[in-house]
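The next block holds one structure in the form of structure tokens; read it before the comments.
The values are calculated or read from the model by the stated rules, or taken from the named source; none is laboratory data. In this text the structure is predicted, and so the values were computed from the model without any measurement. In this analysis, Cβ positions are derived from the backbone assuming ideal geometry, glycine residues included, and neighbour counts consider all displayed protein chains. All accessible areas refer to the heavy atoms of the entire protein, side chains included, with ligands and DNA or RNA removed. Shrake-Rupley method; radii C 1.70, N 1.55, O 1.52, S 1.80 Å.
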Amino acid sequence: MLHNIGLLGPLLIAVVTLVLSEWGKISNLRGKVCKGIAALMRGLDDSQKVLGDRFADARILTPDA
């Protein structure tokens, strides 16, 4: 029975083993990427608030035309 598995059999076994053994690492990486994106979005929101406050102060100082 094992003499008929050919090249595809060991390749399929290797891929399945790799996926099962690395699944925890893949989900861990996915969590880190999501946390990084969330931190980036928070940083962008904070910078927009800071820039908005500074531009609001500049509008107050400039005279109306």
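At-a-glance table
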{"quantity": "Selection status of LEU44, open to solvent by 100 Å² or more (accessible area, probe 1.4 Å), assigned to a helix (DSSP H, G or I) and either modelled with pLDDT of 85 or more or of a type in the set (A, V, I, L, M) (or both)", "calculated": "no"}
{"quantity": "Number of the exception - THR62 against (1) at pLDDT below 85; (2) surrounded by 10 or more Cβ atoms within 10 Å (Cβ to Cβ)", "calculated": "(2)"}
{"quantity": "Scan of region 1-16 for residues that are at pLDDT below 80 and either part of a helix (DSSP H, G or I) or among the aliphatic types (A, V, I, L, M) (or both), ordered by number", "calculated": "MET1, LEU2, HIS3, ASN4, ILE5, LEU7"}
{"quantity": "Test: LYS35 is at pLDDT below 85, of a type outside the set (S, T, N, Q) and open to solvent by 100 Å² or more (accessible area, probe 1.4 Å)", "calculated": "no"}
